[in-house]
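Below you'll find the structure, written out as structure tokens, and then a few comments.
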Amino acid sequence: MRRTPTLSLSNPMGPVRHLALRVHDATPPDRDRAVDALRAVAVLGVVLGHWLVTALVADGGRLHTGSPLQHMPWLAPISWVFQTLAVFFLVGGHVATRGHASAQAKGTPYRRWLTARLSRLFKPVAALLVLWTIATTALLLSGTDVTTVRTLGKLALSPLWFLVVFAALTAATPLVARLNPLWPLAVVLHVDVLRFGFGAPAALGWVNLAAGWLVPYTLGAAWARGELDRPRAGWVLLLGGTAATAGLVACAGYPASMVGVPGSAVSNLDPPTLAAVTFGLAQCGLALLLRERLRRAMRRPLAWAAVAFVNLSAMTIFLWHQTALMATTATGLLLGRLPGLHTPPDGLTWVAARLLWLPAFALTLTVCWAAFHTYERGRPRIRPRVVRTHSSSDRAAPAKARRV
């Protein structure tokens, strides 16, 4: 039975609850909300991780990057919490496999299906490229140090590597949907053995940029086929991935940090190493084990509305979060060299100050979202796109969803 919430002017949360109930009621009952929740967690994990471990240090008239993990390696567990890219590829493989199967059943050509999916990824990129082209040109013409401009541009455009890899795997979905994840895992293993064991050229590691992320992507495809529905699959991935990662770090010399650290000889993420892939397996296992709890949590209208909002703006949030960090840092320079924003990340004082800056980053990102989210969502639709895709079946949404 559909609820009709009553608005109360004396209750400031009334309009929010009303909107949350509308989104909740508009969602088809057969939609797997755990998928959306996992995607939201993955996106927000990456954003918070970058904000916590990326420092722009003001040194004279220059800005250069730093990381608290460089000075305090014992903070490496932070990267274990916020490096959530494997979960995003897991969800991406699940959604793309189901979407392609649905398109085939409806007779939709592959080209039309792929164009629709990639347009959602790359449409927000245009605004980012235009703005940073203008900003870079203005900075160079104003006499800003070239090193500073290079640092800012690299950070601003760093999210694009993810989109390129994700787009390539999406395009290859018909070919890799039934690929056993052990095959790309074996490729990653052999590449690392050649690199670190036999002194092969470091450039060989870039093979893992595709093979490494193909592992969680094919796990997502297996999930879509129903092969990972039993809890046993999640436990095997979680325990096996954890044990393998611990062994590689403790015995094989892999870095403990799952993100790149300036000055480090080896990065687990650039390109992905075997340790990063086994760590991703553990993350995927945990994600699979949490599905039922997430489904129950998403029955709460407010929680579901928040997750729906993040999913609707996922690419905008992901693409602009580094720009929000840099915009806040640049604005702060007008007030001087501020702790946690422009100082070297070499102590717990910096960590405490950086935590206090997180709301400012979030506020700047909100401004970016308000300015550019229309490039992601496109023209308004009758009902939110987030409530229409990758449900557990292909049945049409109920009439009440169409009305909303």
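Okay, here's what the table says:
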item	result
Segment 133-159: number of residues that are in contact with a helix residue (DSSP H, G or I) (Cβ under 7 Å, 6 or more places away or on another chain) and either more than 21 Å from T329 (Cβ to Cβ) or surrounded by fewer than 16 Cβ atoms within 10 Å (Cβ to Cβ) (or both)	2
Odd one out for D394 among (1) modelled with pLDDT under 95; (2) surrounded by 15 or more Cβ atoms within 10 Å (Cβ to Cβ)	(2)
From A224, A256, residue being in contact with a helix residue (DSSP H, G or I) (Cβ under 6 Å, 6 or more places away or on another chain), hydrophobic (A, V, I, L, M, F, W, C) and closer than 19 Å to A96 by Cα	A224
Segment 242-270 residues that are more than 21 Å from M72 (Cβ to Cβ) and in contact (Cβ under 8 Å) with a residue 24 or more places away in the chain, paired with ones that are β-branched (V, I, T) and not in a loop (DSSP other than H, G, I, E, B) (beta carbon under 6 Å, 6 or more apart)	A244/T278
Sole residue being under 21 Å from the mean Cα position of the chain (by Cα) and assigned to a helix (DSSP H, G or I), chosen from G240, G247, G285, G260	G285
Residue match in segment 187-205 (condition: modelled with pLDDT of 95 or more and within 27 Å of Y110 (Cβ to Cβ))	yes
Complete set of residues in segment 263-282 that are of a type in the set (A, V, I, L, M, F, W, C), closer than 15 Å to T84 by Cβ and assigned to a helix (DSSP H, G or I)	A276, V277, F279, L281, A282
Residue count, segment 332-352 (criterion: free of Cβ contacts under 8 Å to residues at least 40 places away in the same chain and assigned to a loop (DSSP other than H, G, I, E, B))	4
Residues that are in a helix (DSSP H, G or I) and either without any contact (Cβ under 8 Å) to a residue 40 or more places away in the chain or β-branched (V, I, T) (or both), drawn from segment 107-123	R111, R112, W113, T115, A116, S119
Candidate set from segment 47-69 (those that are farther than 21 Å from H321 by Cβ and not basic (K, R)); member that is surrounded by the most Cβ atoms within 10 Å (Cβ to Cβ)	D59
Where G280 falls short, out of the listed (1) modelled with pLDDT under 95; (2) in contact with a Pro (Cβ under 8 Å, 6 or more places away or on another chain)	(1)
Test: residue in segment 319-326 that is at pLDDT below 95, in a helix (DSSP H, G or I), over 28 Å from R117 (Cα atoms) and more than 20 Å from the chain's Cα centre (by Cα)	no
Helices (runs of 4 or more DSSP H) enclosed by segment 125-227 - at least 1 residues per element that are more than 21 Å from the chain's Cα centre (by Cα) and in contact (Cβ under 8 Å) with a residue 12 or more places away in the chain	146-157, 173-176, 182-192
F89 being surrounded by 13 or more Cβ atoms within 10 Å (Cβ to Cβ) and either at pLDDT 90 or above or not in a helix (DSSP H, G or I) (or both)	yes
Residue in segment 31-45 that is farthest from R354 (Cα to Cα), counting only those that are in contact with a Ser or Thr (Cβ under 6 Å, 6 or more places away or on another chain) and surrounded by 21 or more Cβ atoms within 10 Å (Cβ to Cβ)	R31
Test: residue in segment 175-184 that is more than 30 Å from T108 (Cα to Cα) and loosely packed, with under 15 Cβ neighbours inside 10 Å	yes
Checking R17 against (1) more than 26 Å from L286 (Cα to Cα); (2) in a helix (DSSP H, G or I); (3) at pLDDT 85 or above; (4) not β-branched (V, I, T), the condition it does not meet	(3)
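Yes or no, residue by residue, for (1) exposed (fewer than 15 other Cβ atoms within 10 Å of the Cβ); (2) among the hydrophobic types (A, V, I, L, M, F, W, C):
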| position | (1), (2) |
| --- | --- |
| F198 | yes, yes |
| W213 | no, yes |
| P231 | yes, no |
| A244 | no, yes |
| G247 | yes, no |
| P255 | no, no |
| N268 | no, no |
| R299 | yes, no |
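The values are calculated or read from the model by the stated rules, or taken from the named source; none is laboratory data. For clarity, every value in this text was computed on a predicted model and none was experimentally measured. With ideal geometry, Cβ positions are generated from the backbone for all residues, glycine too; neighbour counts draw on all protein chains shown.
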